[in-house]
Structures are given as C-alpha cells and as structure tokens.
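See structure below.
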Amino acid sequence: MTQTDNSERRRGNAGTGLWARLSKGAATRPGEIYGVPGEGDTRLLSVLTIALLVLAWWFVTWMGWVQPLFVPSPGAIVEKFLSLAQGGFTGAPLWEHMLISMQRVFGAFILACVIGIPLGLGMGMSPTIRGIFDPPIEFYRPIPPLAYLPLMIIWFGIGETSKVLLIFLSVFAPVALGARSGVRSAGIEQIHAAYSFGASRWKVIRHVILPSAMPEILTAMRIGIGFGWTTLVAAEMVAATKGIGYMVLSASQFLQTATVIVGIIMIAAIAYAFDMLMRFIERKVVPWKGKM
C-alpha cells in the first residue's frame, strides 16, 4: 500500500468520524432506554428558521429581483400594519376587523365542539349512531367550502348565519371524526376491568373511554380550528363589510399587496396563538400522551 493510499484512507476515516459525531443523538435521560421519538426543544431552531426566511425575503426585495407590487419588503409590511392600526380599513378600525373574524371562527368552533364531540363519541360506541351519521359526514367532508357556499346563501341568506354555518361545517367533520376515532383508543382490558369492579356504563364512559379519547379529541380540535381559519376568507366573500378575510379580498381587488400580506400574517398569528394554547391545554389535560 502506497503512502498516497494511506493518506486517502486516513482522510476517509476522519470524515467518517466527523459524520458520526455530528449525527450522534443526545444521550437519553435517566429512566429512558432509547429516548422518546421526536422529543427535544426546537424553539431555537424555529426562531432561526423564521429569521432566515425573513432575511431572504428582505434580501430579494432589496436586490430588486421582484417588484414591490408583487412582493413588498418586510419594512413596507410593518409600515402598512402601523398605518392600518392607526387609520383602519374602509372606515373600520383594524381591531374591529380582527374581532369580528374571531367571533365568526371561534363561535363556529365552539358550536362544532359542543355538537361534534358528543356525536363522535356516540358514533364510536354505538353502531346505530355510526350508521346514521357517518355517511352524511363522510359525504360532505371532502367537498371544498366554496362548493356549497352558494347553497348556504340560498338557504340562509347573506347574513351572519351563512358565514358562521360555512365555518361550522368545515370544523365539524374533523372534530366529530376525531372523537369517533378516539373511542378506539380505550383498551378493552380497561373496559372489562371497570365493569368487573361494578362500574356502570356511564362511569366507564366517564372514567375510561373519555380520558382515552381526549388526546385524539384535542388533536382533532386543533385540526378543526385550522380548517375554520382557512374557510374564513370564503365565508367573508359574500356581503361582508368587516373582517380580516374581507380586508384581504378587498385589498387584492385594488392590488394592495401589503394589505393582503398583513391580513394573511394576522390570520396566521391568531391561529398559531390558539394552537399554542391548545398544546398547553393538551399538556395539562393529557400529560400521559406519548409516554405510554
């Protein structure tokens, strides 16, 4: 073996050793054998990712690669937000647009949870209820809200009822189906053990089935509220004079791109804040999730 071959071999071993050190996972904590999959703090990485995206956005606009009409700079977005916060939009303050949209989305969300969670639990426990309600829910679930928006207008007019009902339908299906799926999380051994100790059917539902279903119910609620916010713009397309979705649509008609982006960021910020709240509630209500 020549000296050149030995040098190349040493460089290969060094490269392999460096890759092994970089790819080596963190040591597991006491009581863990292999560690929980996906566990770890990602906040720093998330902040760095957002910072890099904003920096790339600023750089592209600063270089003039895209016209401001299509992609305004981050500074222009901040200026537009301050302008809207001070002067409002179409005669209404910015906070009023935000409040009205939140009332529509969260009103529909609460209604969907009040009806969808008990119905989903009933569908999971009763084949009769599942046979009655599962076909219509599965039938309309994949239909985009814009497809049945005309029906909402024909049946309920152009007032608040059609807007809230459209959002309600987009939230209801994932919440009900999530609750139905959560019922199957309860172990049959737990149910038999509860009955063997003399528990009634209601106590089994209250103390065994419902706690087992809660992780999937909370996940379905998070997914449902996301569908609600995506449906908001469609709901505010018809005869709306206030709301974030109305603001985005109106601004797009006059090529006010900065206002459109401000509205999109506001919707994303509210939805993200609620998602963080739901994650906090999930940690408090079902602390055992992912640990069993």
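Some notes on this structure:
- For region 201-208, 3J(HN,Hα) per residue [Karplus equation, 6.51 cos²θ - 1.76 cosθ + 1.60, θ = phi - 60°, Hz, x = Gly/Pro]: 4, 5, 5, 5, 5, 6, 9, 10
- Each residue of region 219-229 was assigned a 3J(HN,Hα) from its phi angle through the Karplus curve 6.51 cos²θ - 1.76 cosθ + 1.60 (θ = phi - 60°); the sequence is 5, 5, 5, 5, 5, x, 5, x, 5, x, 5 Hz, with glycine and proline shown as x.
- Solvent-accessible ranking of ASP41, ASP275, largest area first, probe 1.4 Å: ASP41, ASP275
- For the peptides 248-255, 175-182, 85-92, residues were scored by their other Cβ atoms within 10 Å and the scores averaged per peptide; the highest-first order is 175-182, 248-255, 85-92.
- Computed 3J(HN,Hα) for region 92-100, one whole-Hz value per residue from the Karplus formula 6.51 cos²θ - 1.76 cosθ + 1.60 where θ = phi - 60°, is 10, x, 4, 5, 6, 4, 5, 5, 5, glycine and proline marked x.
- Region 146-187 and region 232-261 have Cα centres lying 22 Å from one another.
- Accessible surface, region 77-216, averaged per residue in Å² (probe 1.4 Å): 54 Å²
- Relative to the compact-globule estimate of 2.2 N^0.38 Å, the Cα radius of gyration of region 176-240 comes out at 1.64.
- Heavy-atom accessible surface of region 194-292: percent carbon and sulfur, 1.4 Å: 69 percent
The values are calculated or read from the model by the stated rules, or taken from the named source; none is laboratory data. All figures in this text were calculated on a predicted structure; none of them were measured in a lab. Using ideal geometry, Cβ is built from the backbone for each residue, glycine included, and neighbour counts are taken over all protein chains shown. Heavy atoms of the whole protein, side chains included, go into the accessibility calculation; ligands, DNA and RNA do not. Shrake-Rupley method; radii C 1.70, N 1.55, O 1.52, S 1.80 Å.
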